[in-house]
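The values are calculated or read from the model by the stated rules, or taken from the named source; none is laboratory data. Bear in mind the structure is a predicted one, so any value in this text is a computation, not a measurement. For neighbour counting, all protein chains shown are included, and Cβ atoms are generated from backbone atoms with ideal geometry for every residue, glycine included. Please note that ligands, DNA and RNA were not included when accessible areas were found on the heavy atoms of the full protein model with its side chains. Shrake-Rupley method; radii C 1.70, N 1.55, O 1.52, S 1.80 Å.
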Amino acid sequence: MRFTKMQGLGNDYVYVNCFEERVETPELAAKKLSDRHFGVGADGLILIGPSKKADCRMKMYNADGSRGTMCGNGIRCVAKYVYEAGLVGQTEITVETDSGIRLVNCCQIEDGKVRLVEVDMGIPSVEKQERFQWEERELFFVPVDMGNPHAVFFDAEAEHLDLLRFGPVMERHPYFPDRTNVELVQIQRENLIRLRVWERGSGETLACGTGACAAFAAARTMNFVGERATVELPGGTLEIAWQGPGKPLFMTGPAEEVFCGEII
């Protein structure tokens, strides 16, 4: 089976072209391939295949083998792959996901290689703040749905939380029956957010596209930022734009190929 490893801001996945290949047990394959010592090493597995509704279909599996519904960094790499492989002939591409069809635009191409991709991430759903008791502290989080669930923390003390301890506990908060992603946010200024993310099923990652969008949507709803902002993650930066409730949110960021290989 041939595969391509790609990454967006260090959020890396193993991609398989299911127009040509077949993965019998993707849950097991995701766990095996994602292992950074005995496998390829990745945050998960993404299968790219045909769709009856869009230009292609994206199926995502987390590093623990669980099914993911949407991945912002992953979908940019899907767009890069299908464009460069000649599976589509246009720069505007529709991708079917478990969260619906997303429109992506390969907005910067150099020598036939896609460098930047803009994604219409759909309309965010931002709920009112909820309480969370952590040890002896009362924290507050904003639930956000970006096609997958997020718990966004703006608490001034959030930057001092041990994400490796806090993340897995919050991931399984009763508010989220299917578990959740967790974002710890620092507002630097009106157009700059700093962010760390715990992804459900994968742990702390260098970046999370839907997490960046969720953090921005929550911050915009609470009037912490304007209509546009840069989101800084450990793996790099994303540009986010959102006019507000009822409007689609747009994310722009890089997509890069790491290497190709074959599993025999």
Worksheet entry | Area of R179 that stays accessible when all protein chains are in place (1.4 Å probe, Å², to 10) | 50 Å²
Worksheet entry | Taking the stretch 161-264 and dividing mean pair separation by its residue count, relative contact order in percent (alpha carbons under 8 Å, at least six apart) | 19 percent
Fill in: Euclidean distance between Cα centres, the stretch 55-125 to the stretch 232-250, Å
16 Å
Fill in: Residue range of the chain that is longest and free of chymotrypsin sites (Phe, Trp or Tyr not before Pro) which are both DSSP loop and sparsely packed (at most 15 other C-beta within 10 Å)
39-174
Worksheet item: Per the Cauchy relation, a quarter of the hull surface: what is the mean projected area of the convex hull of the alpha carbons in the stretch 1-82, in nm²?
Response: 5.1 nm²
Worksheet item: Tell me, what % of the accessible area of the stretch 206-258 is carbon and sulfur with a 1.4 angstrom probe?
Response: 49 percent
Practice prompt. Kindly write out, for the stretch 187-198 in residue order, the coupling ³J(HN,Hα) from the Karplus curve 6.51 cos²θ - 1.76 cosθ + 1.60 (θ = phi - 60°), rounded to whole Hz, with x marking Gly and Pro.
Written response: 7, 7, 6, 4, 10, 8, 10, 10, 9, 10, 10, 10
Discussion item. Quick check: with the 1.4 Å probe, what order do I264, I93 take by accessible area, largest first?
Written reply: I264, I93
Discussion item. What do you get for the angle between helix 209-221 and the principal long axis of the chain? Use alpha-carbon atoms, 0 to 90 degrees, nearest ten.
Written reply: 30 degrees
Item to complete: Classify the stretch 54-196 as rounded, prolate or oblate, taking a ≥ b ≥ c as the square roots of the eigenvalues of its Cα gyration tensor: rounded when a/c is under 1.5, otherwise prolate if a/b is larger than b/c and oblate if not.
Response: prolate
Worksheet item: Using a 1.4 Å probe on the protein chains only, how many percent of the accessible area of the stretch 56-157 belongs to carbon and sulfur?
Response: 42 percent
Fill in: Neighbourhood charge, 13 Å Cβ-Cβ cut-off, centred on D120 and excluding it, Lys, Arg +1 and Asp, Glu -1
+1
Response to the item:
Treating every alpha carbon of the stretch 144-244 as one equal point scatterer without solvent, the Debye formula yields log10 I(q)/I(0) values at q = 0.11 Å⁻¹ of -0.28
Worksheet item: How much mean residue ellipticity at 222 nm does the chain get from its helices, if each DSSP H run of length 4 or more adds -39500 (n - 2.57) and you divide by all residues, to the nearest 500 deg cm²/dmol?
Response: -5000 deg cm²/dmol
Practice prompt. Could you do me a favour and compute the accessible area per residue for the chain, 1.4 Å probe, result in Å²?
Written response: 45 Å²
